[in-house]
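As structure tokens, the structure follows; a few thoughts come after it.
Taken together, the values in this text are just the output of simple stated rules run on the coordinates, not laboratory data. Model, not experiment: these values are computed from the prediction. Here the Cβ is made from the backbone with ideal geometry for all residues, glycine too, and neighbour counts use every protein chain on show.
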Amino acid sequence: MTKRALLSYLFFGILFSSFALAGGYTYPAARKDTAVIDNFHGTMVADPYRWMENQDTPEIKNWIDGENTLTRGFIDAYPNREKIKSRLTELLNYTRYSVPERDGKRYFYSRNDGLQNQAVLYMQDMTTGDSSMVLDPNMLSADGTWALDAQAFSDDGSLLAYGISKSGSDQQEIHVRNIDKKSDYPEALQWCKFANIAWKKDNSGFYYNRYPDPSTVAKGEESFNNKVYWHALGTPQSQDPVIFEDPKEKELAFAPIVTDDGKYLLLYVRRGTDPVNAIYYREVSSSGQFVHLLNADARWDLIDNVGATFYFNTNLNAPHSKVVAIDINHPEPAHWKEILPEQSDALSFAGMIGHSLVVSYLHDAYSTLKICRTEDGALIRQIALPTIGSIGGISGHNADSLMFFSFTSFLFPTSVFKYDLSKDKLTTFRSPIIKFDPSAYETRQEFAQSKDGTKIPVFITMKKGLPLDGSNPALLYGYGGFNISMTPSFSSSRLVWLEHGGIYALACMRGGSEYGEAWHEGGMLGKKQNVFDDFIAAAHHLIDQKYTSTPKLAIQGGSNGGLLVSACEMQQPQLYGAVICQVPVADMLRYHKWTIGRFWTGEYGNAEENADQFKFMYAYSPLHNVKSGAAYPPTLITTGDHDDRVFPANAMKLAATMQAKDAGTNPVLIRIETKAGHGAGKPTSKVIDEQADIYSFLFKTLNIAY
């Protein structure tokens, strides 16, 4: 290169390399653009891999190919990878059912016979007992990467509006099926993302919310200006009138709900993922203005209505939540009636079934189930559950005497139960049969002490009689954010880990809702470091109690959990033996600029607009805390090329930065899945391949005998 050419490269701040050596591995070339520097409130921050944010260039495609080749070579060199995949396939090959939902005189449920890429939707006639298939999403695409998303049945069960997600995208294309004729109407509704569908009781059509046609707005504005539309059955989308919009508040989103009696149309009004919402309503028969019933000063979840009285599950002045009744003819707070006061445990679900209140609480992060009176919330009975575990998918109507729910735990495969409220009788409705004996294993709950003294629940599952001498491999999982609780759940893929002497631990950290809204607030915005401290405390607990030791301790998390494990890796890299970082939010200074990242500013903050928030976000942002010369544990980062929730550049920039700065001898690899998104709707074949790669990576790097 001539001196003039070299000066030209330096002037534009662009440095190229044909290879990068770090950690003893030859990584694919990753150009560093040293000219890209941003001023955040007086602090200059370099962003040398910003070019990776353009996902359509030959340069990034070549880098992805090179990284995938390197990762495949490392994992495929592990001699037992195919044995792990074979066992995963065997463990996952069992019939799985969803909780049935009643519409009219029909029950609808999904079933996966075992290795089907997507679960199939079925219907059972309550009169004849006959079952028939409604829709098989495996027929929508040859490779099984198209999945059902939003589903809404008409009140009589004759019509189905369903969304199709392609290759893992959050975008939905809504179609309408005549269930009896097994055929679709001609219309297809576009530009639907996180759409809610609410049928009118006469089957004439439905309300739904969507974003604008991307071709009609400026780049970056695709996820603004959500609106509610009315769709008349059998008409083109172009004729759908707008039912509600708020042009002055372009960041708001609206979810339409029609009450069970068909009389009222409610709108849930949200700003991003903030844990508060407003409620608007009007009668379905009206074309007038919506009434602003409740402000966005708390979370308001409609339970049901009895005439003009609406029952809500809310955390207004009740961090653990309560149930209130509001007469919309007298909506002033002075007239509200508290039906079920706040309890010491957090209220996670409330429904009206069989003219009773069905409520589920979280007690130290596991579920309890109670039946209460709707008049005053008095306890009628508590339903005994099989073990410490989690309830999900409770279904039933106020007029029904039967309700269904799912139950799961670490050693209890997800099963469907039927409860007859009139007879107080609980029976197993669907129970899977798997090729695994759970009786040889146990689950314990212990409590780690975080940095500030807060007790953190930790569930620990392992073989009975496993010696606690620090030699066992352990996998610690966590999430810690967005008001999402981490509770006991079953995973067939996790059994491969347990079978080979592995310990699985789940930490229930602040940021979730295990102990109500105060627990959530204790792990968001400027208190986000609490979450990392909680997770680190859980890791130390496992080591201190001799369950494992640093060389055998792996940590894992996805999405916000990917942020968790990567931040903890940057803060204490010497504590872990391996890291599995899946679809992470990693660039905390720019995450809000991509896809739907702006929805999360209420949880994380906005470093660009707020100087105080920049300080605490910059302090923990994984991408900006990779240290030159540090020795990081073996790390596997994953993402999907169609992830339009957490932009893939988060994972890619983190991987490139770690590869360039790491001075250790351990691999830092990235696995970029094609035709895959954030995880929802991923076909079974891809799930098995991904899990086989993750466990092969762990078995290889932690030296676990297979």
TODO: Sort all Cα-Cα distances of the range 160-309 into consecutive 10 angstrom bins from zero, then give the percent of pairs in each bin up to the one containing the longest distance.
DONE: 10, 39, 36, 13, 1
TODO: Just list whichever of LYS263/LYS418; LYS552/LYS627; LYS85/LYS700 have alpha carbons separated by over 19 Å in the model shown.
DONE: LYS263/LYS418; LYS552/LYS627
TODO: Can you grab the distance from the C-alpha centre of the range 77-155 to the C-alpha centre of the range 332-401, Å, no decimals?
DONE: 29
Task: Cα pair distances in the range 580-706, grouped into 5 Å bins until the bin that holds the longest one, percent each - done: 2, 10, 18, 19, 18, 16, 11, 4, 2, 0, 0
TODO: Determine which lysines satisfy two conditions relative to LYS181: a Cα distance under 24 Å, and not lying fewer than 8 residues away in the same chain.
DONE: LYS105, LYS200, LYS201
- [ ] Distance between Cα centroids, the range 447-467 to the range 657-697: provide it in whole Å.
- [x] 27
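Summing +1 for each Lys or Arg and -1 for each Asp or Glu, what net charge is found among the other residues whose Cβ lies under 15 Å from the Cβ of ASP47?
Residues close to ASP47 contribute a combined charge of +2.
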TODO: Provide the net charge surrounding SER489, with neighbours chosen by a C-beta distance below 14 Å and charges set as Lys +1, Arg +1, Asp -1, Glu -1.
DONE: +1
Task: For the chain, calculated [θ]222 nm from helices alone, where every DSSP H run of n ≥ 4 adds -39500 (n - 2.57) - done: -5500 deg cm²/dmol
